[in-house]
Amino acid sequence: MVGIVLLGIFVLLLAFGAPIAVCLGMSSLGAILVQGAGKPLDAIMSVLPRLCSSASSKFVLLAIPFFITAGAIMNYAGISSRLLDLADGLVGHLTGGLGHVNILLSVLMGGVSGSAAADASMEAKILVPAGFDIEIVEKHHNRKLDAPSGTALALADAINDGVLDGEYEYKYDRSQDHKKREKKEIGISAVRGGTIVGDHDVIFAGTDEVITFSHTAYSRAIFGKGAIQAAKYLAGKPAGFYHMSDVINAQV
């Protein structure tokens, strides 16, 4: 019943042209009221602050905007350009220099930001003006329900909102298009098969060369291992807000 109300209110408001945020908020409120039918209104509404507090404490939700902000700050402060100049000076003279520069730049940016999304965002600022197209390919097991994955969308948002001023559109399907690729689009493709744990590629395709940022998870154990490392890091720490990058830096 709750699910029907949730979906019904959302679809109804969406049909009347209400903003997505309003649709989500009102449908969630309706679902809470239905679930608490027969209970005092103040008891029902007291659940809202707890839900909001619980959601805001989730690292994944908080990390995305902070990582995007990190990439944007590094771009506007000129840190990205300086790191690129450093990488170019060190390995740019070698054969296949752009590939070497890209790898070294990824290492430097990974150490500075601790975020793949921030790295992709920063390098997009350099590669897109040079005429590179952006494609994101994610692969997961055949039991995964959503497509594309949340990580793929987070990577696209980090690039689009953090660097490209939100001007690019996301393209999920080209089967009905009989035209050349639009310049201002980010293609997002999903592969589902077997027991693939998680594989994400951010592809920058230019003339006669392709640069790819990849992350492959071979086992779900890595997620549990990361959670345990974070718990160990927090042990004995004073109350406050910590990033996963703090955990990673502590291991270096």
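Structural remarks
- Any hit, the range 184-195, residues being in a helix (DSSP H, G or I) and free of Cβ contacts under 8 Å to residues at least 24 places away in the same chain: no
- Within the set D177, D88, the sole residue that is of a type outside the set (A, V, I, L, M, F, W, C), assigned to a helix (DSSP H, G or I) and at pLDDT below 90 turns out to be D88.
- K232 vs. criteria touching a helix residue (DSSP H, G or I) at 6+ places or on another chain (Cβ under 9 Å), over 30 Å from Y170 (Cβ atoms) and surrounded by fewer than 12 Cβ atoms within 10 Å (Cβ to Cβ): yes
- Flag if G162 is of a type in the set (G, A, S) and either at pLDDT 90 or above or in contact with a Ser or Thr (Cβ under 8 Å, 6 or more places away or on another chain) (or both): yes
- G71 being closer than 30 Å to A227 by Cα, modelled with pLDDT under 75 and surrounded by 12 or more Cβ atoms within 10 Å (Cβ to Cβ): yes
- Meets criteria (surrounded by fewer than 13 Cβ atoms within 10 Å (Cβ to Cβ) and under 16 Å from the mean Cα position of the chain (by Cα)) for G162: no
- Subset tally (residues that are in contact with an Asp or Glu (Cβ under 7 Å, 6 or more places away or on another chain) and not basic (K, R)) for the range 171-185: 1
- If the condition is being farther than 24 Å from R143 by Cα and in contact with a helix residue (DSSP H, G or I) (Cβ under 7 Å, 6 or more places away or on another chain), then the range 171-193 contributes only I186.
- Positions within the range 145-174 being over 27 Å from I73 (Cα atoms) and either in a helix (DSSP H, G or I) or out of contact with any strand residue (DSSP E or B) (no Cβ under 6 Å at 6 or more places or on another chain) (or both), in sequence order: L145, D146, D173, R174
- The residue that is farthest from K144 (Cα to Cα), counting only those in the range 231-252 that are among the hydrophobic types (A, V, I, L, M, F, W, C) and at pLDDT below 85, is A239.
- Where a residue in the range 220-243 is within 22 Å of T195 (Cα to Cα) and its partner, wherever it lies, is modelled with pLDDT under 85 and part of a helix (DSSP H, G or I), with Cβ under 8 Å and at least six apart: G226/M244; G226/V247
The values are calculated or read from the model by the stated rules, or taken from the named source; none is laboratory data. All figures in this text were calculated on a predicted structure; none of them were measured in a lab. Virtual Cβ from ideal backbone geometry, glycine too; neighbours counted across all protein chains shown.
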